[in-house]
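Visitor: Here you go, one structure.
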Amino acid sequence: MFAILSDIHGNRPALEAVLAEVKELGIRRVLVLGDVVGYGPFPEDCLRLVAGAEVCLQGNHEAGVIGELDDEWFNDVAWAGIEWTRNRLSPDEIEAISRWPKSAAVDGIELAHGSLDPDDRFDYLDTPSSVDGHFSAQSRSLCFVGHTHVPAIWIEGREGQVLWPKDGAYRLIRGLTTVVNVGSVGFCRCEDPRPSWVTYDPLNGEVTLRRTDYDVDTTVQAIRRSGHEKLVVKRLLKDLGR
Ligand SMILES: [Fe+2]
């Protein structure tokens, strides 16, 4: 059984709550799909907490922090968050992030932050054409991504997203190439602002979307005290439903 998390974005209370649930479920294999830092007020703590993960990918915010992507790539809010984060991290932490892979495969499952498309690996899989670009590079039947902050399931050759079942448990269809977006632990941008993440049981081919309650007030107070620019604070509180 795997727990697959993405887009934590420095929200330590959310990550702690999710990891507590992972432990309660007895899951040892944790895969992190990137954007551990950027935006949120606890980047160092989040780096420490993901250190035990089996895989941790580099997201676009990490690429910004280590200087691989520049301000032209990001909107003003994201870039302000990246600069703030870079100033908080030690040279050792930045060095560690620069060694994270950009994609990976674990037990035949492919993993990417945004997309497997080699020409656009931080593309957002939220349109049929972006999903087509991704599928042209997906060689295994199952891939997990994050980056959009919205959980989603796409099947190759099928127009539009597949709806998540109400109980969150989606049974993969054998023979169909599927990409699952796990949403965001730190700042989920959908009607339900709680952290989203998934568990994957390879034995029965089931991917379960999970939502975890946590102490949002601690994160809200830390954002207010962070010294972030006003536009960043406003955006983050909106994503938290405040
Ligand atoms: Fe991202």
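Each reported figure results from applying straightforward, stated rules to the coordinates on display, with no laboratory input. Just so it is clear, the structure is predicted and the values come from calculations on it, not from any experiment. A quick note on method: Cβ atoms are made from the backbone with ideal geometry, for glycine too, and the neighbour counts reach across all protein chains shown.
Visitor: For region 172-228, with only Lys/Arg (+1) and Asp/Glu (-1) charged at the beta-carbon, what is the dipole magnitude about the Cα centre, in debye rounded to 20?
Guide: With Lys and Arg at +1 and Asp and Glu at -1, about 200 debye.
Visitor: Next up: Could you tell me the distance between the Cα centroids of region 1-35 and region 131-176, to the nearest Å?
Guide: Spelled out, the Cα-based centre of one part sits 20 Å from the other.
Visitor: Still on this structure, I have one more. If you average over every viewing direction, what projected area does the convex hull of the Cα atoms of region 37-159 give, in nm²? Let's see the in-between values first.
Guide: Numbers: hull surface 32.1 nm².
With every direction weighted equally, the projected area is 8.0 nm².
Visitor: Residue 166: which lysines have alpha carbons under 30 Å from its alpha carbon, excluding same-chain residues fewer than 8 sequence positions away?
Guide: List returned: 23, 238.
Visitor: Under a crude label model (7 Å from the Cα following the beta-carbon direction), how far is residue 176 from residue 76 in nanometres?
Guide: 4.3
Visitor: Could I ask something else about it? Ratio of Rg to Rh for region 84-142, alpha carbon only, Kirkwood? If you can, show how the numbers build up before the last one.
Guide: Working: Rg = 14.6 Å, Rh = 13.2 Å.
Computed over Cα atoms, the ratio is 1.11.
Visitor: Turning to a different aspect of this structure: Could you give the length gained on full extension between residue 119 and residue 206, defined as 0.36 nm per residue of separation minus the Cα-Cα distance, in nm?
Guide: Gain on extension, residue 119 to residue 206, equals 28.3 nm.
Visitor: Sticking with this one: Quickly rank 4-12, 28-36 as a protection proxy: mean count of other C-beta atoms within 10 Å, highest first.
Guide: Numbers: 4-12: 29.7, 28-36: 24.9.
The packing order, highest mean first, is 4-12, 28-36.
Visitor: Oh, and also: Dipole of the chain, Cα-centred, from +1 at each Lys and Arg C-beta and -1 at each Asp and Glu C-beta, to the nearest 20 debye? Can you show the working numbers first?
Guide: On the way: 26 positive and 38 negative charges, 140 e Å.
That gives the chain a dipole magnitude of about 680 debye.
Visitor: Using +1 at the Cβ of each Lys and Arg and -1 at the Cβ of each Asp and Glu in the chain, identify which of 204, 150, 96 lies farthest towards the dipole's positive end.
Guide: 204
Visitor: Which value at 222 nm does the chain reach when only helices count, each DSSP H run of 4 or more adding -39,500 (n - 2.57), with the total divided by all residues and rounded to the nearest 500 deg cm²/dmol? Could you put the intermediate results ahead of the total?
Guide: On the way: 8 runs with 76 residues, N = 242.
Value at 222 nm, helices only, nearest 500: -9000 deg cm²/dmol.
Visitor: Give or take rounding to whole Å, what are the principal axis extents of the alpha carbon atoms in region 158-242, in descending order?
Guide: 50, 27, 19 Å, listed from the longest principal axis down.
Visitor: Continuing with this model, one more query. Within 10 Å, at most 11 other Cβ atoms, and a DSSP state outside H, G, I, E, B define an exposed site. Report the longest part of the chain free of exposed GluC sites (Glu not before Pro). Present the calculation step by step, with values, prior to reporting the outcome.
Guide: Details: sites that count: 159, 191.
Counting at most 11 other Cβ atoms within 10 Å as exposed, the longest clean stretch of the chain is 1-158.
Visitor: From the P(r) of the chain, could you give the percentage of C-alpha pairs in the tail past 25 Å? Provide the component values of the computation, followed by the final result.
Guide: Numbers: 10614 of 29161 pairs.
For the chain, the fraction of Cα-Cα distances above 25 Å is 36 percent.
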